[in-house]
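K.L.:
Please see the structure below; I have some questions.
The values are calculated or read from the model by the stated rules, or taken from the named source; none is laboratory data. Given the structure is predicted, the values throughout are model-derived calculations rather than measurements. Quick reminder, even Gly has a Cβ in these numbers, built from the backbone with ideal geometry, and neighbours come from all protein chains shown. Keep in mind that these areas ignore ligands, DNA and RNA; they rest on the heavy atoms of the full protein, side chains included. Shrake-Rupley method; radii C 1.70, N 1.55, O 1.52, S 1.80 Å.
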Amino acid sequence: MAVSPPPPRSPPLNALRAFEAAARLGGFKAAAMELCVTPGAVTAHIKSLEQHLDATLFERHAQGVRLTALGARVAAPLSEAFDQLAHAVGFMRAQAQPHSVHLATLPAIAQLWLLPRLPWLREKLPDITISVTALERPTDLKRSPYDLNLFFSEGKAGTVLCEDVIFPVCAPSLSPRLKRLSDLNDVPCLTDAVWANDWMDWLENARKTGRHPAQKIQTRGPVFSLYALALDEALAGSAVLVAHACLVQPWLDSGRLVAPFRPQLKRTTPLRAWTASALPPGSPGTRVLEALQTLTTAP
């Protein structure tokens with residue numbers, strides 16, 4: 001009589017992925033952000049993996065979590081395995097869609113910088129289909145289905161397309177009310193949620209220039225989740241916005257926006273474009289990056 005026992009049950013892939021991310025990033029919250037799930041979901045996945053193994057992978061403390069000796073031993077080979085899996089999936093996707101490039105970028109960059117340049121890109125690369133996804137932060141190109149990142153970013157990765165220079169702007173109709181920095185107390189000052197520190201950073205830099213150092217400035221106004229919406233309100237003449245120059249240059253050139261104050265702050269996070277390091281020369285992602293390198297701040 002033949003005997004066919006059931007095969008041993010493998011750990012759930014999602015549980016392995018949650019453990020690998022938490023081990024690599026140093027915590028459940030960071031892993032949850034990367035995996036786009038809740039910290040509670042990461043906790044549950046890791047607990048199920050520990051139950052499957054009948055072993056503890058993390059020590060829990062009030063200050064956070066720390067890998068056990070077992071967790072530390074298995075974390076590196078598991079990360080390597082997921083890297084290899086992601087590379088294989090990326091290769092499969094590239095073979096199935098050899099003329100497609102999927103680009104990830106910040107919503108403001110997509111709307112205000114990339115969109116005006118897409119017709120030029122598509123004319124220059126007619127054989128490549130360029131798709132754009134708006135994200136709040138750069139993606140790990142080794143692990144995600146994207147070919148190229150386009151973000152304001154520090155570091156040396158990729159190509160600098162534009163320096164990130166910030167300063168207040170407003171419509172010409174509002175400019176006469178803004179003679180001194182203290183006049184900002186009397187007008188709405190718009191804030192974008194992604195760049196919540198723009199006003200504080202610019203004011204601190206303006207004071208360092210020696211202009212109005214003793215004045216107390218309190219910038220008050222609505223907060224927007226989309227920079228383009230804040231820009232629309234500034235264009236309407238009802239408020240002041242901290243401009244990122246390479247995003248609003250067309251409106252400055254046309255005169256629809258003006259800079260009422262002279263000080264400018266050059267950030268250490270220029271607009272960069274980069275691909276996964278494994279992309280071969282001549283690949284669609286590499287060709288799009290090379291085309292972006294030829295662009296200036298104007299479309």
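K.L.:
Label the chain by shape, choosing from rounded, prolate and oblate, from the square roots a ≥ b ≥ c of the eigenvalues of the Cα gyration tensor; if a/c is under 1.5 it is rounded, and otherwise prolate applies when a/b is larger than b/c, oblate when it is not.
P.N.:
It is oblate, given that a/c is not under 1.5 and a/b is not larger than b/c.
K.L.:
Here is a further query. Highest first, please rank the peptides 197-204, 219-226 by the mean number of other Cβ atoms sitting within 10 Å of their residues.
P.N.:
Ranked by mean Cβ neighbours within 10 Å, highest first: 197-204, 219-226.
K.L.:
In the chain, what percent of the accessible surface is made up of carbon and sulfur (1.4 Å probe, ligands and nucleic acids excluded)?
P.N.:
After summing per-atom areas, the C and S share lands at 56 percent.
K.L.:
Can you figure out the FRET efficiency of Ser173 with Val223, using R₀ = 25 Å and their beta-carbon distance, to the nearest 0.05?
P.N.:
Working from the Cβ atoms, E equals 0.60.
K.L.:
In addition: Connecting C-alpha atoms closer than 10 Å in a GNM of the chain, tell me which of Pro116, Pro281, Pro270 has the biggest fluctuation.
P.N.:
Of Pro116, Pro281, Pro270, the Gaussian network model singles out Pro281 as fluctuating most.
K.L.:
Expressed as a rounded percentage, what relative contact order does the chain have, with Cα pairs under 8 Å and six or more residues apart?
P.N.:
For the chain, the relative contact order is 21 percent.
K.L.:
Let me ask another. Quick one: net charge around Leu271, please, counting Lys, Arg +1 and Asp, Glu -1 for every other residue with C-beta under 15 Å from its C-beta.
P.N.:
+3
K.L.:
With a 10 Å cut-off between alpha carbons and a GNM built on the chain, which of Thr133, Thr191, Thr286 moves the most?
P.N.:
Top of the fluctuation ranking is Thr133.
K.L.:
Can you give the FRET efficiency for Asn185 and Ser100, using 1/(1 + (r/R0)^6), R0 = 45 Å, r = Cβ-Cβ distance, to the nearest 0.05?
P.N.:
After rounding to 0.05, the efficiency reads 0.35.
K.L.:
Let me ask you something else. Taking a threshold of 31 Å on the Cα-Cα distance, which of the pairs Lys179/Lys266; Lys156/Lys216; Lys29/Lys124 fall above it?
P.N.:
Among Lys179/Lys266; Lys156/Lys216; Lys29/Lys124, the Cα-Cα distance tops 31 Å for Lys156/Lys216; Lys29/Lys124.
K.L.:
I would also like to ask the following. Which angle from 0 to 90°, rounded to the nearest 10, does the C-alpha axis of helix 39-53 make with the longest principal axis of the chain?
P.N.:
Helix 39-53 sits roughly 20 degrees off the main axis of the chain.
K.L.:
Mind pulling the angle between the C-alpha long axis of helix 198-208 and the longest principal axis of the chain? Nearest 10 degrees, somewhere in 0 to 90.
P.N.:
In the chain, helix 198-208 runs at an angle near 50 degrees to the longest axis.
K.L.:
Could you please report the charge total around Lys124, scoring K, R as +1 and D, E as -1 over all other residues with beta-carbon less than 12 angstrom from its beta-carbon?
P.N.:
Net charge around Lys124: 0.
K.L.:
Which order do the peptides 251-261, 162-172, 60-70 come out in when sorted by mean C-beta neighbours inside 10 angstrom, highest first?
P.N.:
162-172, 251-261, 60-70
K.L.:
What number, rounded to the nearest 500 deg cm²/dmol, is the helix-based mean residue ellipticity at 222 nm of the chain, given -39500 (n - 2.57) per DSSP H run of at least four residues and division by all its residues?
P.N.:
Calculated from helices alone, the mean residue ellipticity at 222 nm is -11500 deg cm²/dmol.
K.L.:
Now a separate question. Going by average Cβ density within 10 Å per residue, which order do the peptides 236-246, 14-24 take, highest to lowest?
P.N.:
Most protected by this proxy first, the peptides run 14-24, 236-246.
K.L.:
Which Cys in the chain stand alone, with every other cysteine's Cβ at 4.7 Å or more from theirs?
P.N.:
Cys36, Cys170, Cys189
K.L.:
Given the Cα-Cα distance of Lys208 and Ala134 and 0.36 nm per residue of separation, how much length would full extension add, in nm?
P.N.:
That works out to 23.1 nm of additional length.
K.L.:
Net charge near Ser225: determine it from the other residues with C-beta under 15 Å of the C-beta of Ser225, scoring Lys and Arg +1 and Asp and Glu -1.
P.N.:
My count for the surroundings of Ser225 gives -4.
K.L.:
Label region 66-201 by shape, choosing from rounded, prolate and oblate, from the square roots a ≥ b ≥ c of the eigenvalues of the Cα gyration tensor; if a/c is under 1.5 it is rounded, and otherwise prolate applies when a/b is larger than b/c, oblate when it is not.
P.N.:
Oblate, since a/c reaches 1.5 and b/c is not below a/b.
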